[in-house]
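Undergrad: The structure follows.
The values are calculated or read from the model by the stated rules, or taken from the named source; none is laboratory data. Computed from a prediction, not measured in an experiment: that's the story for all the values here. Every residue, glycine among them, receives a Cβ derived from its backbone with ideal geometry; neighbour counts consider all protein chains shown. Keep in mind that these areas ignore ligands, DNA and RNA; they rest on the heavy atoms of the full protein, side chains included. Shrake-Rupley method; radii C 1.70, N 1.55, O 1.52, S 1.80 Å.
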Amino acid sequence: MPLIRYSHISFGYIEILKRKYSLPGFVEVERGDVVVDCGAFVGGFAMSSVNVAESVHLFEPSAENAVCIRENLINDAKVFINEFGLYNEDAEKKLNHSPSAVEHSILEPDDGIILATSTITVKRLDTYFNNLGVIPDFVKIEAEGVEIEVFEGLGLLRPKKIAIDASPERNGESPIDELETRLNKIGYECRRRGFMLFARK
């Protein structure tokens, strides 16, 4: 078993992520939801959602992390593993690799030096879902500083529930105020818990 898979899942990682991206009674995965897991890492949040959701769409540009996702969520027909990043355009970008597998970013990693770079594909969420003919219900975004760009990639899609990790990873700043302003303008009610931003239509 890969060490990263063993260490995270053995110590309650799935339950931790379920709680992190839920605000009970306001934003949480509900039965029949189409769920987006942006920044899926090794699939912990998806694993907490798959038994309830209609489908879970994971987006993870790191090839090493994607290997772990496939081992953790093997042979589940409701799971769609996408080995590319999300952004506000359909393009190719440079991914900066950090010593920590959770810190790889299109921006400079906020934890440690850049060990290497690789070229990755990025897509807009509306491109992805318009091609499927599906509308997401729950969108979780953890994008190591490019949460605004991922949000912009929704275009005219209006998921019922959004959970965003808006930690200060955007060149040392948090985008939480700007994201809340944008969400309010398009009719979302927002609530905060630390740097977590929850929004509901």
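Undergrad: Sort His57, His97 by heavy-atom solvent-accessible area, probe 1.4 angstrom, most to least.
TA: Values: His57 5, His97 35 Å².
Output order, biggest surface exposure first: His97, His57.
Undergrad: To the nearest 500 deg cm²/dmol, what mean residue ellipticity at 222 nm is calculated for the chain from DSSP H runs of n ≥ 4 alone, each contributing -39,500 (n - 2.57), summed and divided by the residues? Walk me through the numbers before you get to the answer.
TA: On the way: 7 runs with 56 residues, N = 201.
Roughly -7500 deg cm²/dmol at 222 nm, from the helical runs in the chain.
Undergrad: Using 0.36 nm per residue, how much length does the chain from Glu178 to Ile16 gain when fully extended, once their Cα-Cα distance is taken away? Could you put the intermediate results ahead of the total?
TA: Details: separation 162, 0.36 × 162 = 58.32 nm, distance 2.65 nm.
So the extension gain works out to 55.7 nm.
Undergrad: Right, next: Hey, what did the stretch 114-165 get for relative contact order, percent, Cα under 8 Å, at least 6 apart?
TA: Details: 46 pairs, mean separation 22.5, N = 52.
Relative contact order of the stretch 114-165: 43 percent.
Undergrad: Specify, per residue and in Å³, the volume enclosed by the convex hull of the alpha carbon atoms belonging to the chain. Mind showing how you got there, number by number?
TA: Details: hull volume 22.8 nm³, N = 201.
With only Cα atoms used, the chain gives 113 Å³ per residue.
Undergrad: On to the next question. For the chain, set up a GNM with springs between Cα atoms under 10 Å and report which of Glu28, Glu92, Glu147 has the largest fluctuation.
TA: Its mean-square fluctuation being the largest, the pick is Glu92.
Undergrad: Could you work out what % of the accessible surface of the stretch 111-201 is carbon and sulfur, using a 1.4 angstrom probe and leaving DNA, RNA and ligands out of the count? Don't skip to the answer; put the middle values down first.
TA: Details: 2050 of 4220 Å².
After summing per-atom areas, the C and S share lands at 49 percent.
Undergrad: So how far apart, in nm, are the two label points at Glu71 and Leu115 if each is 7 Å from Cα heading toward Cβ?
TA: 1.6
Undergrad: Normalising by the residue count of the chain, find the relative contact order in percent from Cα pairs under 8 Å and 6+ residues apart.
TA: Values: 429 pairs, mean separation 35.7, N = 201.
About 18 percent, as a whole number.
Undergrad: With a point put 7 Å past each Cα toward its Cβ, work out how far Arg192 is from Glu30 in nm, to one decimal.
TA: About 2.6 nm, to one decimal.
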